[in-house]
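*Asks:* Sharing a structure here in C-alpha cells format.
The values are calculated or read from the model by the stated rules, or taken from the named source; none is laboratory data. What you see is a predicted model; the values in this text were computed from it and never measured. Quick reminder, even Gly has a Cβ in these numbers, built from the backbone with ideal geometry, and neighbours come from all protein chains shown. Side chains included, ligands, DNA and RNA excluded: accessible areas come from the protein's heavy atoms. Shrake-Rupley method; radii C 1.70, N 1.55, O 1.52, S 1.80 Å.
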Amino acid sequence: AAWEKQVRLSSTPRRTNGFSVLVTGAAGFVGSHCSLALKKRGDGVLGLDNFNNYYDPSLKRARQNLLSKHQVFIVKGDLNDGPLLTKLFDVVPFTHVLHLAAQAGVRYAMQNPQSYISSNIAGFVNLLEVAKAANPQPSIVWASSSSVYGLNTENPFSERDRTDQPASLYAATKKAGEEIAHTYNHIYGLSLTGLRFFTVYGPWGRPDMAYFFFTKDILQGKSIDIYKTHDQKEVARDFTYIDDVVKGCLGALDTAEKSTGSGGKKKGAAQLRVYNLGNTSPVPVGRLVSILEGLLSTKAKKHVITMPRNGDVPFTHANVTLAFKDFGYKPTTDLSTGLRKFVKWYISYYGIQSKTRKESQATGESG
Ligand code: NAD
Ligand code: UGA
C-alpha cells in the first residue's frame, strides 16, 4: 500500500550503519527538532503523533510540513493504539525509539489529570509492550523530566538525588515512567535511557510555556503574572536551549546499548540509564522577562503574585557531569543568545502583533 511505502521510505537510513528511529511526539517541539537532526545526518526517521489539541494543533501541523520537506513522514496515531504500533514494528525493523510523546505541562494536570495517566503511564507501557515483542528489539531513549526532583533541595541536582517528592501529577507520572522503565529493563532486557530535560526553549517551542506566552503578551501589551516561592524569593529555572537538548538526545541514542531480550540478571545485559540534560546555570524568572523586554524593545506589564504557582518547584539546576562523561554532552547556548533566536523565529512565524513594537521599529529603537 502507499502508506507502507511512505513508512518504509521515511524510516530507511541513508548512511552506512545508520539507525531506523521511531520518534514519538514528532510533531511536538523537541520531537520535530530531533527528527530533523536525525534525518539530516542520514538516519531513517518515522514519526508518530496524535496531534492532540493541548495547544494549537496548527503549530504541530506546521512542524509536520517542515519535516515532510525533509522526507520525514509522521503517522497520525496514539501511543495507546497497540495494533497500530505493532503494525509499524512489523513493517520497519526499528533499531531505536526516541520516545518524546507525552502530556507535558505542569498546571494542566489540575484540569485534565487523566490525560497524564493515559499518555505518560498507559501509553508508555503500551509502547514498551510492543518494543519488547519486536524483532529486533529496539533500544529506547525517552524523555523524563527535571520535575522528578520535585522539592529536592540539593543544588545542583544529580541523578542520584532523591526523587520521592513530586510537586505535580505531571512530575509523578514522569517519575512513574522511570520506575516502569526499570522493570522492562530488568525482566525483558530492553535497553532504556531516560533523559531529564530542564525547561527546554527555542524556535518552534511550546505555546503553553512561560517564555513563549510572555513574548506574546509583552508584544500585545498584556500584563504577565510572575510567581514567587513560598518564602518570597524569585523562582529560577535552568532554561536549556533546544539545540543543546537535541545534541544530548543524539548522544544518548549513539551510546545506547543493544537490547538483549534476556533480562537484567544476565551478565552483559543492557543497563537502565538516566541522565540530566540541563544548562547548568539557573536564571530567575525576572531575568528571563528583562531579557525579553530588551529583545522586544518593550516594557512588560508585570503583575507579581506573592505565592507559588500550583505544582511549581522553586528552582531547578542540573549537574550534567554524567551526560558529559558518557556522551560528551555540553550545553553551549546561554539564555540571551537562545532567546534572541526564539524571538527571531516568533516574529517571522506570527508577524509583529503589537502596536508598541511597530512604533518602536518605526523610530528605529528595535533591538
Ligand atoms: P510537546 O507537547 O510539544 O510534544 C509532545 C507531542 O506528543 C505532541 O505533539 C503531542 O501531540 C504528542 N502526544 C501527546 N500524547 C500522545 C499520545 N498519547 N500519543 C501520540 N502522541 C502524543 O512537548 P515537548 O516540549 O516537545 O516535550 C517532549 C517530551 O519532553 C515530553 O515527554 C515532555 O514531557 C518532556 N519534557 C519537556 C520539557 C520542555 O521543557 N519542553 C522539559 C522536560 C521534559
Ligand atoms: C517546563 C515544562 O513546561 C514541563 O513540560 C517540563 O517537564 C519542565 O519544564 C521540566 O523541566 O521538567 P516549567 O519549568 O514549569 O515546566 O516551565 P514554565 O511553565 O514555562 O514555567 C517557567 C517558570 O515561569 C516557572 O518558574 C514558573 O513559575 C514561571 N511562570 C510561569 C510565571 O512566573 N508566570 C506564569 O504565568 C507562568
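*Asks:* Which one is nearest to ARG287 (Cα to Cα) among residues in the stretch 236-250 that are open to solvent by less than 10 Å² (accessible area, probe 1.4 Å) and touching a strand residue (DSSP E or B) at 6+ places or on another chain (Cβ under 7 Å)?
*Replies:* ASP238
*Asks:* Just wondering, is there one or more residues in the stretch 221-228 that are open to solvent by 10 Å² or more (accessible area, probe 1.4 Å), of a type in the set (A, V, I, L, M, F, W, C), within 8 Å of ligand 2 (Cβ to nearest atom) and part of a strand (DSSP E or B)?
*Replies:* Yes: one or more hits.
*Asks:* Considering only residues of the stretch 170-195 that are within 14 Å of ligand 1 (Cβ to nearest atom) and assigned to a strand (DSSP E or B), which is surrounded by the fewest Cβ atoms within 10 Å (Cβ to Cβ)?
*Replies:* GLY194
*Asks:* Here's a follow-up. Looking at (1) open to solvent by 20 Å² or more (accessible area, probe 1.4 Å); (2) out of contact with any Leu (no Cβ under 6 Å at 6 or more places or on another chain), which is the only condition PRO113 fails?
*Replies:* Evaluating PRO113 over (1) open to solvent by 20 Å² or more (accessible area, probe 1.4 Å); (2) out of contact with any Leu (no Cβ under 6 Å at 6 or more places or on another chain) leaves (2) as the failure.
*Asks:* Turning to a different aspect of this structure: Within the stretch 251-297, restricting attention to residues that are on the phi > 0 side of the Ramachandran plot and at pLDDT below 95, which residue is surrounded by the most Cβ atoms within 10 Å (Cβ to Cβ)?
*Replies:* Checked the stretch 251-297; the qualifying residue surrounded by the most Cβ atoms within 10 Å (Cβ to Cβ) is GLY261.
*Asks:* Can you tell me which of (1) assigned to a loop (DSSP other than H, G, I, E, B); (2) more than 17 Å from the chain's Cα centre (by Cα) is the one GLN114 doesn't meet?
*Replies:* That leaves (1) as the condition not met.
*Asks:* Answer yes or no: is there a residue in the stretch 191-210 that is within 16 Å of ligand 2 (Cβ to nearest atom), within 20 Å of LYS301 (Cα to Cα) and out of contact with any Phe, Trp or Tyr (no Cβ under 8 Å at 6 or more places or on another chain).
*Replies:* Within the stretch 191-210, one or more residues are within 16 Å of ligand 2 (Cβ to nearest atom), within 20 Å of LYS301 (Cα to Cα) and out of contact with any Phe, Trp or Tyr (no Cβ under 8 Å at 6 or more places or on another chain).
*Asks:* Going through the stretch 124-175 one residue at a time, which ones are away from ligand 2 (no atom under 16 Å from the Cβ) and of a type in the set (Gly, Ala, Ser)?
*Replies:* The answer is ALA131, ALA133, ALA134, SER139.
*Asks:* Among SER115, SER119, which is the only one that is within 16 Å of ligand 2 (Cβ to nearest atom), out of contact with any helix residue (DSSP H, G or I) (no Cβ under 8 Å at 6 or more places or on another chain) and within 16 Å of LYS174 (Cβ to Cβ)?
*Replies:* Sole residue among the options that is within 16 Å of ligand 2 (Cβ to nearest atom), out of contact with any helix residue (DSSP H, G or I) (no Cβ under 8 Å at 6 or more places or on another chain) and within 16 Å of LYS174 (Cβ to Cβ): SER119.
*Asks:* Part of a loop (DSSP other than H, G, I, E, B) and surrounded by fewer than 16 Cβ atoms within 10 Å (Cβ to Cβ): is that true of PRO203 in this structure? It would help to see each step written out before you state the result.
*Replies:* Working: part of a loop (DSSP other than H, G, I, E, B): yes; surrounded by fewer than 16 Cβ atoms within 10 Å (Cβ to Cβ): no.
So PRO203 does not fit the description; no.
*Asks:* Which is surrounded by fewer than 18 Cβ atoms within 10 Å (Cβ to Cβ), modelled with pLDDT under 95 and either part of a helix (DSSP H, G or I) or touching a Lys or Arg at 6+ places or on another chain (Cβ under 9 Å) (or both), of ILE352, ILE347?
*Replies:* Details: ILE347 fails: modelled with pLDDT under 95.
The unique qualifying residue is ILE352.
*Asks:* (1) open to solvent by less than 10 Å² (accessible area, probe 1.4 Å); (2) at pLDDT below 95: which one isn't true of THR153, the others all being true?
*Replies:* Failing condition for THR153: (1).
*Asks:* Out of the residues in the stretch 311-338 that are of a type in the set (Gly, Ala, Ser) and in contact (Cβ under 8 Å) with a residue 60 or more places away in the chain, state the one that is nearest to THR173 (Cα to Cα). Don't jump to the end; show me each part of the working.
*Replies:* Just the residues of the stretch 311-338 that are of a type in the set (Gly, Ala, Ser), to begin with: 311, 318, 323, 328, 336, 338.
Next, from what is left, pick out any that are in contact (Cβ under 8 Å) with a residue 60 or more places away in the chain: 311, 318, 323, 328, 338.
On the way: GLY311: 13, ALA318: 20, ALA323: 23, GLY328: 29, GLY338: 29 Å.
Among residues in the stretch 311-338 that are of a type in the set (Gly, Ala, Ser) and in contact (Cβ under 8 Å) with a residue 60 or more places away in the chain, the one nearest to THR173 (Cα to Cα) is GLY311.
*Asks:* Tell me which of these THR86 doesn't satisfy, since it passes every other one: (1) touching a helix residue (DSSP H, G or I) at 6+ places or on another chain (Cβ under 6 Å); (2) under 30 Å from ALA236 (Cα atoms).
*Replies:* Only one criterion is unmet by THR86, namely (2).
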